[in-house]
């Protein structure tokens, strides 16, 4: 009986020591090591890929925003996202998709409404957008609803409206889009894209100079 009690105590002691060692390694040493390496070699990514303007962080290059007026380039729609009801003061946005099938009548109606709005918003006195010009990313949300990028085609479609509302030439705004267009990763992964926040920061700076 005494031997059994002693053996049990030894096993519990060994288990406790293993727990403490593993907790120290995986809960303290490993996170500190990873954080240190990330800060040393990838500080921008480690800090959330922040985009800065006027000396302060204004967003992340990885997360899209929705609060742009028509003076600026518009992001992809975010239909399907909901507000965080726990923290209504800051109106945190949840990640999520529409969860509608491709043949859903509701989704078809959303796309048709979005296309009509894109045509209306981006048509100017001297330039009329045709429905056939509207790319898919202008009328559909991404899987997360937080895509920070749009296609060069959608950015180009918005050039006339942005130029007119900011008193800029179409050529200058189009060059701005070209300067902020990023090609496929490694030349073959993904599609060419334009980060909306970075483009709008550059647009504001350009408009302020004129």
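The values are calculated or read from the model by the stated rules, or taken from the named source; none is laboratory data. The shown structure was predicted, so the numbers you read here are calculated from the model rather than taken from an experiment. Methodologically, a virtual Cβ is constructed for each residue, glycine included, from the backbone with ideal geometry; neighbour enumeration extends over all protein chains shown.
General remarks:
- Against the test of being in the same structural domain as residue 114 (by TED's automatic domain parsing), under 26 Å from residue 108 (Cα atoms) and in contact with a strand residue (DSSP E or B) (Cβ under 7 Å, 6 or more places away or on another chain), the options 134, 139, 196 yield a single qualifying residue, 196.
- Residue match in the range 75-88 (condition: more than 28 Å from residue 59 (Cβ to Cβ), in a loop (DSSP other than H, G, I, E, B) and either modelled with pLDDT of 95 or more or out of contact with any strand residue (DSSP E or B) (no Cβ under 6 Å at 6 or more places or on another chain) (or both)): no
- In the range 120-130, the residues that are crowded, with 18+ Cβ neighbours inside 10 Å and assigned to a helix (DSSP H, G or I): 122
- Restricting attention to the range 179-195 and to residues that are touching a helix residue (DSSP H, G or I) at 6+ places or on another chain (Cβ under 8 Å) and touching a residue at least 40 places away in the same chain (Cβ under 8 Å), the residue that is surrounded by the most Cβ atoms within 10 Å (Cβ to Cβ) turns out to be 194.
- Yes/no for residue 133 being surrounded by 15 or more Cβ atoms within 10 Å (Cβ to Cβ), over 17 Å from residue 197 (Cβ atoms), without any contact (Cβ under 8 Å) to a residue 24 or more places away in the chain and within 25 Å of the chain's Cα centre (by Cα): no
- For the range 130-148, the set of residues classified as under 23 Å from residue 50 (Cβ atoms) and in contact with a helix residue (DSSP H, G or I) (Cβ under 7 Å, 6 or more places away or on another chain) consists of 148 only.
- The condition (being at pLDDT below 95, buried (at least 20 other Cβ atoms within 10 Å of the Cβ) and outside any strand (DSSP E or B)) is satisfied by just one residue among 146, 199, 176, 206: 146.
- First in the range 119-130 and in the same structural domain as residue 161 (by TED's automatic domain parsing), second anywhere and exposed (fewer than 11 other Cβ atoms within 10 Å of the Cβ) and in a loop (DSSP other than H, G, I, E, B), Cβ under 9 Å, 6 or more apart: 119/130
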